[in-house]
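So the structure is just underneath, and the comments pick up after that.
The values are calculated or read from the model by the stated rules, or taken from the named source; none is laboratory data. Everything numeric in this text was worked out from a predicted model, so none of it was measured. Counting neighbours? That spans all protein chains shown, and the Cβs are built from the backbone with ideal geometry, glycine included. Note: areas computed on protein heavy atoms with side chains; ligands, DNA, RNA excluded. Shrake-Rupley method; radii C 1.70, N 1.55, O 1.52, S 1.80 Å.
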Amino acid sequence: MQKSILIIGACGQIGTELTIALREKYGNDSVVASDIREGSENLMQSGPFELLDATNYEAIEDVVMHYEIAEVYLMAAMLSATAEKFPMRAWNLNMNSLFNVLNLAKEKKIDKIFWPSSIAVFGPNTPKNETPQHTLMEPSTVYGISKQSGERWCEYYFKKFGVDVRSVRYPGLISWKTQPGGGTTDYAVEIFHKALSEKKYTSFLNEETKLPMMYMDDAIWATISLMDANNGDLSIRSSYNLGAMSFAPRELAECIKTHIPDFEITYKPDFRQEIANSWPASVDDSKASQDWGWAPEFDLGKTTEEMLKNLEQ
Ligand SMILES: NC(=O)c1ccc[n+]([C@@H]2O[C@H](COP(=O)([O-])OP(=O)(O)OC[C@H]3O[C@@H](n4cnc5c(N)ncnc54)[C@H](O)[C@@H]3O)[C@@H](O)[C@H]2O)c1
């Protein structure tokens, strides 16, 4: 029998593309999308959908039992910029949703979990370049604190209860199908929309703020590859560093100018600058390469081409 998968927070930037990719791989009926709101037409029409609150244990359990779910991908969270405005709501959503799925696995009601962490687990005292897998962390944002705590709990449930939970620290993700959901790297998506519609963009990060970034296709590939990896090959049960490219707004703008020569960028840093300042410029993801063959395909040039080509259509 084909295994059944539940995606919680399926209508967001990552969940939308992950749902479609998993439906292509395992069949539409095997992949149940869920969220507190409805999603894109393609997502809603290509397979089963449930309105589901990630903080409600009983509601998740009902869906898990009804569809005989084996794997849960927990994508619901409050992201970095929004979480600074609503700290308690962010903590409640980011932590309780994770406990709900960890406890379902502890109770043997599901077999496997994917839960995403973030480069936000690192802080201002972390080495900035090629940030190691294991290093000083000390996150300084609400979101980063919730992600670091989440990582500790994942490893704890793995060691204490044998819960098969897998995780990556996504960098900023660049995609064109769904709008980003309130993160500090959202500028790297907005800039493409504005470059095409207005030929100008005002960046909320300053020109030299270099951050780790990734094109969505690579992120989806990483997620599915990690979930497919042999249990025994995985040496990290907190969360794997994951990198693809690193650039600052100025470098992205220069790359866009090679396609749209009269594109102009200006800089007006806001509260998100401080968040970005606390994050790494690049990460060492060699553990992910060694353990499950991680290798990104998209660099800045290829990402820019894909974004402009797809958004133009
Ligand atoms: N996008 C990025 O650049 C990035 C980077 C690092 C980590 N991540 C992590 O990846 C995961 C997915 O991120 P995303 O960018 O797709 O976020 P997003 O904000 O685009 O999507 C999150 C989804 O969760 C849903 N949601 C919110 N509250 C919910 C609740 N109570 N119950 C069920 N659903 C709820 C929202 O409606 C939304 O559709 C998050 O854990 C995020 O922290 C994202």
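Please verify whether Gly243 is crowded, with 16+ Cβ neighbours inside 10 Å, in a loop (DSSP other than H, G, I, E, B) and at pLDDT below 95, treating the condition exactly as stated. Considered against the rule, which asks whether it is crowded, with 16+ Cβ neighbours inside 10 Å, in a loop (DSSP other than H, G, I, E, B) and at pLDDT below 95, Gly243 comes out as no. Against the conditions (1) more than 10 Å from the ligand (Cβ to nearest atom); (2) open to solvent by 20 Å² or more (accessible area, probe 1.4 Å); (3) in contact with a strand residue (DSSP E or B) (Cβ under 8 Å, 6 or more places away or on another chain); (4) not acidic (Asp, Glu), Val101 satisfies every one except (2). With the condition kept exactly as written, say whether any residue in the range 32-45 is at pLDDT 95 or above, over 21 Å from the mean Cα position of the chain (by Cα), open to solvent by less than 40 Å² (accessible area, probe 1.4 Å) and more than 14 Å from the ligand (Cβ to nearest atom). Checked against the condition, which is being at pLDDT 95 or above, over 21 Å from the mean Cα position of the chain (by Cα), open to solvent by less than 40 Å² (accessible area, probe 1.4 Å) and more than 14 Å from the ligand (Cβ to nearest atom), the range 32-45 yields no hits at all.
Filtering the range 106-131 to residues that are more than 17 Å from Lys147 (Cβ to Cβ), touching a residue at least 12 places away in the same chain (Cβ under 8 Å) and open to solvent by 10 Å² or more (accessible area, probe 1.4 Å) leaves Lys106, Lys109, Asp111, Lys112, Pro127, Lys128, Asn129, Glu130.
The set of residues in the range 168-202 being away from the ligand (no atom under 13 Å from the Cβ) and touching a Lys or Arg at 6+ places or on another chain (Cβ under 7 Å) consists of Lys194, Lys200, Tyr201, Thr202.
Of all the listed residues (Pro280, Pro269), the sole one being open to solvent by less than 20 Å² (accessible area, probe 1.4 Å) and touching a Phe, Trp or Tyr at 6+ places or on another chain (Cβ under 8 Å) is Pro280. Looking at Leu136, is it open to solvent by 10 Å² or more (accessible area, probe 1.4 Å) and outside any loop (DSSP other than H, G, I, E, B)? Answer is no for this residue.
The set of residues in the range 149-165 that are buried (at least 22 other Cβ atoms within 10 Å of the Cβ) and within 11 Å of Asn94 (Cα to Cα) contains only Gly150. Once the range 1-28 is narrowed to residues that are without any contact (Cβ under 8 Å) to a residue 24 or more places away in the chain and surrounded by fewer than 14 Cβ atoms within 10 Å (Cβ to Cβ), the residue that is farthest from the ligand (Cβ to nearest atom) is Met1. Among the residues here, Ala229 qualifies as among the hydrophobic types (A, V, I, L, M, F, W, C), in contact with a Gly (Cβ under 9 Å, 6 or more places away or on another chain), at pLDDT 95 or above and away from the ligand (no atom under 14 Å from the Cβ). Within the group Asp217, Asp233, which residue is within 18 Å of Gly15 (Cα to Cα), acidic (Asp, Glu) and surrounded by fewer than 22 Cβ atoms within 10 Å (Cβ to Cβ)? One residue alone meets the criteria, Asp217.
Per the listing Ala81, Ala70, Ala54, the residue uniquely within 10 Å of the ligand (Cβ to nearest atom) and either open to solvent by less than 30 Å² (accessible area, probe 1.4 Å) or hydrophobic (A, V, I, L, M, F, W, C) (or both) is Ala54. Counted as qualifying within the range 27-103 are the helices (runs of 4 or more DSSP H) with 2 or more residues that are over 22 Å from Tyr170 (Cα atoms), namely 41-45, 57-67. Scanning the range 230-269 for residues that are among the small types (Gly, Ala, Ser), under 23 Å from Met307 (Cα atoms) and in contact with a strand residue (DSSP E or B) (Cβ under 6 Å, 6 or more places away or on another chain) gives Gly243, Ala244, Ser246, Ala253.
Whenever a residue of the range 286-307 is at negative phi and small (Gly, Ala, Ser), its partners that are open to solvent by less than 30 Å² (accessible area, probe 1.4 Å) and in a helix (DSSP H, G or I), lying with C-beta atoms within less than 7 angstrom and at least six residues away or across chains, give the pairs Gly301/Cys255.
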